């Protein structure tokens with residue numbers, strides 16, 4: 001493969017990674033946003049309003065800032081940048097999953113991807129038994145966290161590709177010879 005073909009393949013893989021992962025988050029934001037709106041539109045008691053405000057603030061900080069902005073988004077953007085620089089067939093075809101760490105990842109991001117997904121599925125199943133409006137309060141908090149996550153991911157992608165440097169290590173097992181990480 002020539003370098004111009006590698007560049008095209010890398011661009012294609014990176015675009016698919018960013019668009020695919022963004023779509024996963026956006027789809028969840030829209031679906032949960034609709035559910036939250038429906039549940040909250042019937043009105044809340046003062047204690048429920050307090051719970052909504054506190055839970056949304058908690059999720060903005062814990063999921064949005066701590067989970068996404070400081071950890072997951074920089075690594076996911078770094079893995080998209082790695083894919084741009086080192087395109088491969090399977091990682092390219094499954095680029096959103098590659099960037100999330102579901103495969104070809106070191107131990108920590110691999111476990112975060114799989115255990116995190118299992119916990120999310122368990123939470124979704126258990127929330128089916130929570131009555132309204134409490135379920136919608138949780139959904140609203142998750143929407144805020146995911147929205148923060150999507151925005152922080154896109155900001156990390158823009159920053160990473162503009163600078164041409166990894167924000168954090170891409171944590172790919174065979175990336176020992178990858179470009180130096182500039183923090």
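In summary, residue 87 fulfils each of the numbered conditions (1) surrounded by fewer than 20 Cβ atoms within 10 Å (Cβ to Cβ); (2) more than 15 Å from the chain's Cα centre (by Cα); (3) assigned to a loop (DSSP other than H, G, I, E, B) with the single exception of condition (1).
No other residue among 79, 31, 11 is part of a helix (DSSP H, G or I) and within 18 Å of residue 141 (Cα to Cα) apart from 31. Can you tell me which residue within the stretch 112-148, out of those that are surrounded by fewer than 20 Cβ atoms within 10 Å (Cβ to Cβ) and either in contact with a strand residue (DSSP E or B) (Cβ under 7 Å, 6 or more places away or on another chain) or closer than 14 Å to residue 52 by Cα (or both), is modelled with the lowest pLDDT? Applying the filter and picking the extreme gives 132.
Quick check, is residue 103 within 28 Å of residue 173 (Cα to Cα), surrounded by 15 or more Cβ atoms within 10 Å (Cβ to Cβ) and over 12 Å from the mean Cα position of the chain (by Cα)?
Considered against the rule, which asks whether it is within 28 Å of residue 173 (Cα to Cα), surrounded by 15 or more Cβ atoms within 10 Å (Cβ to Cβ) and over 12 Å from the mean Cα position of the chain (by Cα), residue 103 comes out as no.
Scanning the stretch 1-23 for residues that are under 15 Å from residue 146 (Cα atoms) and either loosely packed, with under 15 Cβ neighbours inside 10 Å or at pLDDT below 95 (or both) returns a single hit, 23.
Return the residues of the stretch 34-74 that are part of a loop (DSSP other than H, G, I, E, B) and either on the phi > 0 side of the Ramachandran plot or surrounded by fewer than 15 Cβ atoms within 10 Å (Cβ to Cβ) (or both); say none if nothing qualifies. Those that are part of a loop (DSSP other than H, G, I, E, B) and either on the phi > 0 side of the Ramachandran plot or surrounded by fewer than 15 Cβ atoms within 10 Å (Cβ to Cβ) (or both): 41, 42, 43, 45.
The values are calculated or read from the model by the stated rules, or taken from the named source; none is laboratory data. Keep in mind the model is a prediction, meaning the values are calculated, not measured. Neighbour counts run over all protein chains shown; Cβ positions are idealised from the backbone, glycine included.
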